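> I have a structure here, written as structure tokens, and I will follow up with some questions on it.
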Amino acid sequence: MDAIDVIVTKRDGRELSREQIDWVIDAYTGGVVADEQMSSLAMAILLNGMNRREIAEWTQAMIRSGARMDWSALPGRTTDKHSTGGVGDKITLPLAPLVAACGGYVPQLSGRGLGHTGGTLDKLESIPGWRALLSNDEMLDVLNKAGAVICAAGDGLAPADKKLYALRDVTGTVESIPLIASSIMSKKIAEGTGALVLDVKVGSGAFMKTVERARELATTMVELGTDAGVNTVALLTAMDRPLGRAVGNALEVTESVEVLAGGGPEDVVELTVRLAREMLQAAGVSGKDPEEALKDGSAMDAWRRMITAQGGDPDALLPKAAETMEITAPSSGVLTRLDAYGVGLAAWRLGAGRERKEDPVSFGAGIMLHAKPGDMVRQGQPLMTLHADETSRFERALAALEGSYTIGESGDRDLLPLVIDRITA
Ligand code: URA
């Protein structure tokens, strides 16, 4: 087998055989296939696509490049959620302990943020003492104590994807649905969860800008999960406006704790409860109803156990940014549009996100939204508060927000519904 043969097969629009797929993933991970050859193959895949069999075999080959985790020692069923990422999407934080409080076990491997969407680990790291890096034994220990663990994926999980994703990032080959789906699902299947709910975001603040592209990605991932024996369901959800009122690491932790205390913004609560029910149903767990677990304090108890078991202090004061700036409504009317991408970019420029993988984030930086689309506002009323460690960051954040909200006459008729569609096998 050689790399040119595999590249030419896909360049000419033909199907890759299982032998070709297994060989090229293995040879690329081992350094036998060069980066320039793999980037050429990735471009051929982006242009000519892969069929269901090819995507499934590509995914399995990436899983086999590393370790597959095993949770059979737990006394109950595992279930997890993956979101394709969005602005203000802190749902994992209340969701994992909520599902644990209802009888599911959640072994969640998460990432750090890059670009305008935040990363779950960055958010949790704003809690003093909390540790993202756990060994497999420590993960099992936290799962036994709290029913949920959220931590970083180790280097041993789908190393082929790690290498390929970094290459796609610099070769214009990220936006291929077969490559995105196999990348996400190789990690989720290797994580060893028994059931999986995918939250595929749609809109300006999401990876997928249209419902059609999001549906195609969701269907491909549901097929991959199902073919691998993981009970998989996907929801398509709105990311044309930010989720909740808080955007930024510590600000989002505070909002998540409000949800666990039985309060919090309506959209965050609604999506958290919906995803929790989907996760429990996909795993076949019929315990307490999630709405009940938010009311009776058991979800909050699971959160406190999970944070404490990972070295964090759930009662500690969270970092605050040194400077704030208020943006007020320029006129009276209805806030008809609040663009997720603009808000995400502004929060990132305030210091909530990072430009390069190795950059630190500011835990206190971000944006608090005082009005959401559909709300009436009066001229001069605060629309949002920007938080940053240095005042010099405000100017570029304001530039990102320019044109990203509209105050008009009508209500929220242009908004996507919070849950747009549900995709099953
Ligand atoms: N997230 C991933 O893990 N992989 C992709 O290809 C895109 C998003």
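> Can we say Asp339 is more than 18 Å from Arg245 (Cβ to Cβ) and not hydroxyl-bearing (Ser, Thr, Tyr)?
Here the answer is no, as Asp339 does not meet what is asked.
> Restricting the search to the stretch 371-406, which residues are among the β-branched types (Val, Ile, Thr) and more than 21 Å from Glu266 (Cβ to Cβ)? Full working, then the answer.
Step one: list which residues in the stretch 371-406 are among the β-branched types (Val, Ile, Thr), which gives 377, 385, 391, 406.
Passing the criteria: Thr391, Thr406.
> Continuing with this model, one more query. For residues that are in a loop (DSSP other than H, G, I, E, B) and in contact with a Gly (Cβ under 6 Å, 6 or more places away or on another chain), scanning just the stretch 234-255, find the one that is surrounded by the most Cβ atoms within 10 Å (Cβ to Cβ).
Gly248
> From the set of residues in the stretch 143-157 that are crowded, with 21+ Cβ neighbours inside 10 Å and at pLDDT 95 or above, which is farthest from Ile45 (Cα to Cα)?
Checked the stretch 143-157; the qualifying residue farthest from Ile45 (Cα to Cα) is Ala146.
> Thr391 fails exactly one of the following numbered conditions: (1) surrounded by 17 or more Cβ atoms within 10 Å (Cβ to Cβ); (2) at pLDDT 95 or above. What is the number of that condition?
Here Thr391 meets the rest and fails (1).
> Against the definition (among the hydroxyl-bearing types (Ser, Thr, Tyr), surrounded by 23 or more Cβ atoms within 10 Å (Cβ to Cβ) and either out of contact with any Phe, Trp or Tyr (no Cβ under 9 Å at 6 or more places or on another chain) or in a loop (DSSP other than H, G, I, E, B) (or both)), how does Thr272 come out, yes or no?
The answer is yes for Thr272.
> With closer than 30 Å to Leu345 by Cβ, outside any helix (DSSP H, G or I) and more than 16 Å from the ligand (Cβ to nearest atom) as the only criterion, which of Gly129, Gly88, Gly103 stands out?
Every option except Gly88 fails the conditions.
> Here is a follow-up. Could you list, in sequence order, all residues of the stretch 7-26 that are over 16 Å from Gln60 (Cβ atoms) and surrounded by 15 or more Cβ atoms within 10 Å (Cβ to Cβ)?
Ile7, Thr9, Lys10, Arg11
> Further, regarding this structure: Might you let me know whether the stretch 51-70 holds any residue that is closer than 19 Å to Val222 by Cβ and of a type in the set (Lys, Arg)?
Within the stretch 51-70, one or more residues are closer than 19 Å to Val222 by Cβ and of a type in the set (Lys, Arg).
Conditions tested, residue by residue: (1) over 27 Å from the mean Cα position of the chain (by Cα); (2) of a type in the set (Gly, Ala, Ser).
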position: Ser331; (1), (2): yes, yes
position: Ala347; (1), (2): no, yes
position: Gly364; (1), (2): no, yes
position: Leu369; (1), (2): no, no
position: Val377; (1), (2): yes, no
position: Ala399; (1), (2): no, yes
position: Ser404; (1), (2): no, yes
position: Leu415; (1), (2): no, no
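> Please go through the stretch 160-172 and give me each residue that is more than 20 Å from Val32 (Cβ to Cβ) and either more than 19 Å from the chain's Cα centre (by Cα) or touching a residue at least 40 places away in the same chain (Cβ under 8 Å) (or both), ordered by number. Explain how you work it out, then say what you get.
Here is the first cut: in the stretch 160-172, the residues more than 20 Å from Val32 (Cβ to Cβ) are 169-170, 172.
Passing the criteria: Val170, Gly172.
> Name the single residue that is farthest from Val222 (Cα to Cα) among those in the stretch 143-184 being near the ligand (Cβ under 9 Å from one of its atoms) and hydrophobic (A, V, I, L, M, F, W, C).
Across the stretch 143-184, the extreme among qualifying residues is Leu164.
The values are calculated or read from the model by the stated rules, or taken from the named source; none is laboratory data. Just so we're clear, the structure is a prediction, and the values are computed from it rather than from any experiment. Don't worry about glycine lacking a Cβ; one is built from the backbone with ideal geometry, like all the others, and counts go over all protein chains shown.
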